[in-house]
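> Following this message is one structure expressed as structure tokens.
Quick note: the coordinates plus some simple rules give every number you see, no bench work behind them. As the structure is a prediction and not an experimental result, all values here were calculated from the model. A quick note on method: Cβ atoms are made from the backbone with ideal geometry, for glycine too, and the neighbour counts reach across all protein chains shown.
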Amino acid sequence: MIDFNNSAFFKMSRIDPKKIVGDVQPLMVQNEQIVGAYKAMRDYVVFTNMRVIAVNIQGVTGKKKDLTSLPYSKISAFSVETSGTFDMDSELEMYFSGLGKVKFEFTGSSDIVQIGQIISAYSLR
């Protein structure tokens, strides 16, 4: 599993989910749909209608992948920090029962408010 306390997820930008669906599709269940995907250099995060899937690309060739499933139902709290005038980056912090804090940073071009709405819609059910 990804060590979220020591992991340095670089600032992520929105990507077309079609580019990574082949990697996460085997992990997805019936009626689960991708609602957004964000990528750093090699690693990426996929938001579905049921969970967040964090993908850590490993090894020189990148064929080895660590996929971590973070269900919305286990979120006890989350925080969204929007970009400002001088600080163009935004952040998402989620607190999972049994796991603790998971933090992702996004470039200013990412729609952090939309990400917050997705998490609200699915975690508050």
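> Quote to one decimal, in nm, the extra length available between ARG125 and GLU81 on full extension: 0.36 nm per residue of separation minus the C-alpha distance between them.
13.6 nm
> Set Lys and Arg Cβ to +1 and Asp and Glu Cβ to -1, take the dipole of the chain about its Cα centre, and tell me which of GLN58, GLY36, VAL102 lies farthest positive.
GLN58
> When N counts the residues of the chain, how does its alpha-carbon radius of gyration compare numerically with 2.2 N^0.38 Å, as a ratio?
1.00
> Let me ask something else about it. Among the lysines, which have Cα under 26 Å from the Cα of LYS64 when same-chain residues fewer than 8 positions away are ignored?
List returned: LYS11, LYS18, LYS19, LYS39, LYS101, LYS103.
> Would you mind ranking LEU124, LEU27, LEU92, LEU70 by Cβ crowding within 10 Å, fewest neighbours first?
Taking fewest neighbouring Cβ atoms as first place, the list is LEU124, LEU27, LEU70, LEU92.
> If you don't mind, another one. Can you check what the net charge comes to around GLY22, using other residues whose Cβ is under 13 Å from the Cβ of GLY22 (Lys, Arg +1; Asp, Glu -1)?
Value of the local net charge: +2.
> How would you rank MET50, MET94, going from fewest to most other Cβ atoms within 10 Å of each one's own Cβ?
Sorted ascending by nearby Cβ count, the order is MET50, MET94.
> Of all DSSP beta bridges in the chain, what percent run antiparallel (nearest 5)?
Approximately 95 percent, going by the DSSP bridge assignments.
> Sum up the charges of everything whose Cβ sits under 15 Å from the Cβ of LYS64, counting Lys and Arg as +1 and Asp and Glu as -1, but leave LYS64 out.
In short, 0.
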